[in-house]
Amino acid sequence: MRHILSVLLENESGALARVVGLFAQRGYNIDSLTVAATEDPTISRLTLVTRGDDQVIEQITKQLHKLIEVVKLADLSESAHIERELMMVKVKTTAEQREEVKRCADIFRGQIIDITANTYTIQVVGTSDKLEAFIQALNGTQILETVRSGVSGISRGERTLSL
Amino acid sequence: MTSQNTQPELLSGGAMLIRALADEGVEYVYGYPGGAVLHIYDAMFQQHQVKHVLVRHEQAATHMADAYARASGKAGVVLVTSGPGATNAVTGIATAYMDSIPMVVICGQVMSHLIGDDAFQETDMLGISRPIVKHNMSVRRPEDIPYLVKKAFYIAQSGRPGPVVLDIPKDMTIPSQKFPYEYPKDIKLRSYNPNAKGHPGQIKKALTTLLAAKKPVLYSGGGVILGQASEELTTLARKLNIPVTNTLMGLGAYPASDPQFIGMLGMHGSYEANQVMHNADVIFAVGARFDDRVTNATKKFCPNATIIHIDIDPASISKTVNAHIPIVGLVKPVLQEMLQQLEKNQGQLDQQALGHWWQQIQQWREVHGGRYEQSAAHLKPQAVIEAVHRHTKGDAYVTSDVGQHQMFAAQYYKFDKPNRWINSGGLGTMGFGLPAAMGVKLHYPEAEVVCVTGEGSIQMNIQELSTCKQYGLNVKIINLNNGYLGMVKQWQDMNYDSRYSSSYMDSLPDFVKLAEAYGHVGIRVTKAEELEPALERAFALKDKLVFLDIHVDPTEHVYPMQIPGGAMNEMFLSKTERT
Ligand SMILES: Cc1ncc(C[n+]2csc(CCOP(=O)(O)OP(=O)(O)O)c2C)c(N)n1
Ligand SMILES: [Mg+2]
């Protein structure tokens, strides 16, 4: 099962290495990982997508809790939540393809954020599934480069992960 | 005038470090100097509160600190230089980590501006030690040193204890740069709140389940010793009249001479302990972690048991074996709460069922009963341990190395008190025994301290005989010399048709002469009749380190031994018998 873990971490050097090291040492998967400071500069928020059965996920959350710099954490996938990922795709576009690529980007609510004579750079935001679907939809177009931010997530409604 | 008196004293980073250790109540630091810690060593020289013990290899410093912690319950302190000094300490840090031993390791580091340049004696000690520490930190500003020392001790000693590494770049300790010194009284971290008391509802549920049991067993581990709860454990077990088994790490938490004690469990546990576990209907696990050396194949583990598990570390609960009633908390307050609840409701087990259970246990006891083959040709290692037990009246601190001798010590030295049995259970570190004995002897100079070792293990830190001479650490070394890496040989006998691939140690030194060369007494024992007089003499020599080189049966195996891949109660009982 896929899980999205949100972790509040002391914003100290070495803290991130400890989290990543934990996953490597104990053989847990990381599908994606994003981290940045929050509105409180002493705290970073890390979003981590991982996979495993219930027992593995329970161990992961317990082991994360044991790290001294982990302040709080939540498994977002346990309740209603919103997830977003940002992707930028640079594609080769011949004159004939341009119209088609633009229409495809529009369908996915993507934006063309850079243009050269031979390329389009498209930005798409959404769930990881949607980004994958967009790549599928570009079928026939030559993709030069893709870059994805990794998943960020937040719970719906009043529920928050904060100090 | 008064305002001047209350001004904090100005100290250099190095002096602050030493003062902070003194304020923390540290008496001894074990270490080895080098470039990156010279300022600190100079600060050490200029005061008399904190004493330094110079080992001969940094690994020994860590084991000394570790064993001091195991015997006293307080964190041991190590001081090493950057680079090779720090990497030499790694095995000892990992040893402490695996057994949850509180320890503070102070490592020098190259100057801040050189970090990352592959400077002379630079290693990324924070990176190297990360997977084997409870926490590690580096000093960025000298004025933070008192706070970081406090934090290091707090983390090392609270909750589930463990080693903490403090990395100090050389420029943090420059003698001429002084800062106001104040040692924090206490400390609170928003991200770390270790001292759980246990949920009263869960404790009640646990007690109800335990009282309803017909075939209960109390399985206790190192957590009871670390949590200083053996009194509570013993009281509770006696009140309920239930059988008690201890893990390798938990020996002494319940008195071995008590009739309710059924021995150690696990790979080389007693026949009765492993049978009791396998057939139990309720397993009450206290400060134990269902390690693979205990459970054997987890799929076949104790099929009929409801498991109650007390542990301070939630990650230890349901990690390898699912716990039905988990209780997260320090064992001492949880057991106290349990005793109170028991007092209140005056509960008792079904006495008839319990009677049947004890009858069954009695039958199991008679099956193997710790017997071992007698031999006319050779001294038996088990007999040596029994003799050492007699000569020390069962009251010594016993440290060990790793191998067959370790298991014989665990099986045949009947520990009646906690903190007396000091061995590397989790990591299984050969080379632990001698420095561990030194760490205990330094703090308990009046106590009898015995190191049970093998001719393989002792050579991993033999150089410490020199440190023993320097500090008058008169431990007794019982070298169970079987001429082999015995435990390796045993596996080769059992699984590799006795192909002794690199398990034969030829060209062994003359240990008697070696001991003498270091200024100690060496005694060799090769025949059974020499044993008693040799022990007599050794223990009478109070102010001497005595190295007893005792030649024991090279063919002996450790039994019982669980059959790999089997259930807890599937065991070899001797070279020719199995369950
Ligand atoms: C540092 C280290 N290296 C290797 C091992 C693997 N090992 C476990 S027991 C053992 C043999 C120990 O021999 P000895 O000290 O003579 O003890 P004996 O088993 O003969 O009593 C070895 C090599 C270990 N535990 N630790
Ligand atoms: Mg040997």
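The values are calculated or read from the model by the stated rules, or taken from the named source; none is laboratory data. These numbers were taken from a predicted model, which means no experiment stands behind them. Every residue, glycine as well, gets a Cβ built from its backbone with ideal geometry; the counts of neighbours run over all protein chains shown. Side chains are part of the model used for accessible areas, which takes the heavy atoms of the whole protein and leaves out ligands, DNA and RNA. Shrake-Rupley method; radii C 1.70, N 1.55, O 1.52, S 1.80 Å.
Side notes on the structure shown:
- The long axis of helix A:128-137 is offset from the longest Cα principal axis of chain A by roughly 20 degrees.
- Estimated D of segment B:309-367 in µm² per second, where Rh is the Kirkwood radius over Cα pairs and Stokes-Einstein applies at 37 °C, 0.692 mPa s: 231 µm²/s
- Accessible area (Å², 1.4 Å probe, nearest 10) - A:V71: 20 Å²
- Descending Cα extents along the principal axes, segment B:190-263, whole Å: 46, 28, 17
- Mean separation of Cα contacts under 8 Å, 6 or more apart, over the residue count of chain B: relative contact order %: 13 percent
- The modelled label-to-label distance between B:A528 and A:M1, using points 7 Å beyond Cα along the C-beta direction, is 6.3 nm.
- Förster radius 25 Å - calculated FRET efficiency between B:K178 and B:L114, Cβ distance, rounded to 0.05: 0.60
- For segment B:333-398, the list of trypsin sites (Lys or Arg not before Pro) that fall in a loop by DSSP and count at most 14 other C-beta atoms within 10 angstrom reads B:R371, B:K393.
- Label separation (A:N29 vs A:I112): 3.7 nm, computed from points 7 Å beyond Cα along the C-beta direction.
- Comparing the full protein assembly with the isolated chain (1.4 Å probe, heavy atoms, ligands and nucleic acids excluded), the residues of segment A:1-32 losing at least 20 square angstrom of accessible area are A:E10, A:S13, A:A17, A:R18, A:Q25, A:R26.
- Compared with its chain on its own, segment B:180-201 contains the following residues whose accessible area drops by 30 Å² or more in the full protein assembly (probe 1.4 Å; ligands, DNA and RNA excluded): B:R190, B:S191.
- Nearest-ten-degree value, helix B:486-495 long axis tilted from longest Cα axis of chain B: 50 degrees
- Under the convention that each Lys and Arg Cβ holds +1 and each Asp and Glu Cβ holds -1, the size of the dipole of the protein assembly as shown around its Cα centre is about 1080 debye.
- Gyration tensor verdict on segment B:424-469 (Cα atoms; rounded if a/c is under 1.5, prolate if a/b is larger than b/c, oblate otherwise): oblate
- Estimated from the Cβ-Cβ distance and a Förster radius of 30 angstrom, the FRET efficiency linking B:K542 and B:E373 is about 0.30.
- Given A:K66/B:K188; A:K72/B:K188; B:K441/B:K544; B:K151/B:K332; B:K51/B:K476, the pairs whose alpha carbons are separated by over 18 Å: B:K151/B:K332; B:K51/B:K476
- Rh by Kirkwood over Cα pairs, then Stokes-Einstein D for segment B:120-234 at 1.567 mPa s and 4 °C, µm²/s: 72 µm²/s
- Mean Cβ count within 10 Å, highest first, over the residues of peptides B:332-342, B:348-358: B:332-342, B:348-358
- Calculated log₁₀ intensity ratio I(q)/I(0) where the Debye formula runs over C-alpha points of segment A:45-87, q = 0.13, 0.18, 0.34 Å⁻¹: -0.33, -0.63, -1.34
- Loop-located trypsin sites (Lys or Arg not before Pro) in segment B:141-203 whose Cβ has at most 16 other Cβ within 10 Å (DSSP): B:K185, B:K188, B:R190, B:K197
- Antiparallel bridges, percent of DSSP beta bridges restricted to the protein assembly as shown (to nearest 5): 45 percent
- Taking only Cα atoms of the protein assembly as shown, radius of gyration then Dmax in Å: 29.7, 102
- Area buried, chain B against chain A - accessible surface, total, 1.4 angstrom probe, square angstrom: 1600 Å²
- The packing ranking of peptides B:460-471, A:97-108, B:86-97, highest mean first, is B:86-97, B:460-471, A:97-108, where packing means the average number of other beta carbon atoms within 10 angstrom of each residue.
- For the segment A:61-67, counting C-beta atoms of other chains within 10 Å of every residue's C-beta and taking the mean gives 5.
- Burial of accessible area (probe 1.4 Å, heavy atoms of protein chains only) in segment B:99-137, relative to its chain alone, reaches at least 10 Å² for B:R130, B:P131, B:K134, B:H135, B:N136.
- Sorting B:497-503, B:416-422 by their mean Cβ neighbour count within 10 Å, with the most densely packed peptide first, gives B:416-422, B:497-503.
- Charge dipole (debye, nearest 20) of chain B; +1 at Cβ of Lys and Arg, -1 at Cβ of Asp and Glu: 1280 debye
- Ordered from largest to smallest accessible area (heavy atoms of protein chains, 1.4 Å probe), the residues B:I312, A:I68 come out as B:I312, A:I68.
- Share of carbon and sulfur in the accessible area of chain B stands at 51%, probe radius 1.4 Å.
- Average accessible surface area per residue within chain A, 1.4 Å rolling probe, Å²: 53 Å²
- Values of log10 I(q)/I(0), in the order q = 0.19 Å⁻¹, for segment B:386-542 under a Debye, Cα-only, solvent-free model: -1.29
- Length-normalised contact order of segment B:204-354 in % [C-alpha pairs under 8 Å, at least 6 apart]: 29 percent
- Overall form of segment B:23-116 per C-alpha gyration tensor (a/c, 1.5; a/b vs b/c): oblate
- Here the Debye sum runs over all C-alpha atoms of segment A:19-101 as equal scatterers in vacuum, and log10 of I(q)/I(0) at q = 0.17, 0.20, 0.25, 0.27 Å⁻¹ comes out as -0.80, -1.03, -1.47, -1.57.
- Sequence-separation-based contact order of segment A:14-70, relative, with Cα cut under 8 Å and 6+ spacing, percent: 32 percent
- Cα shape, chain B, gyration tensor, a/c 1.5 rule: oblate
- For segment B:334-402 versus segment A:65-82, the gap between their alpha-carbon centres in whole angstrom: 44 Å
- Here the accessible area of chain A is 50 percent carbon and sulfur, with a 1.4 angstrom probe and all protein chains present.
- Among the trypsin sites (Lys or Arg not before Pro) found in segment A:109-152, those both in a DSSP coil and sparsely packed, with 14 or fewer other Cβ atoms within 10 Å of their Cβ, are A:R109.
- Normalised alpha carbon radius of gyration of segment B:503-548 [divisor 2.2 N^0.38 Å]: 1.26
- Estimated inter-spin distance, B:K239 and A:D40, nm [label 7 Å along Cα→Cβ]: 4.2 nm
- Degrees, to the nearest 10: A:98-107 long Cα axis against longest axis of chain A: 40 degrees
- Cα-centre dipole for segment A:6-163 with unit charges at Cβ (Lys and Arg positive, Asp and Glu negative), debye to 20: 160 debye
- Here's the picture: a label point sits 7 Å out from the Cα of B:Q7 along the beta-carbon direction, and within segment B:167-195 the residues with their amide nitrogen under 13 Å of it are B:179-181.
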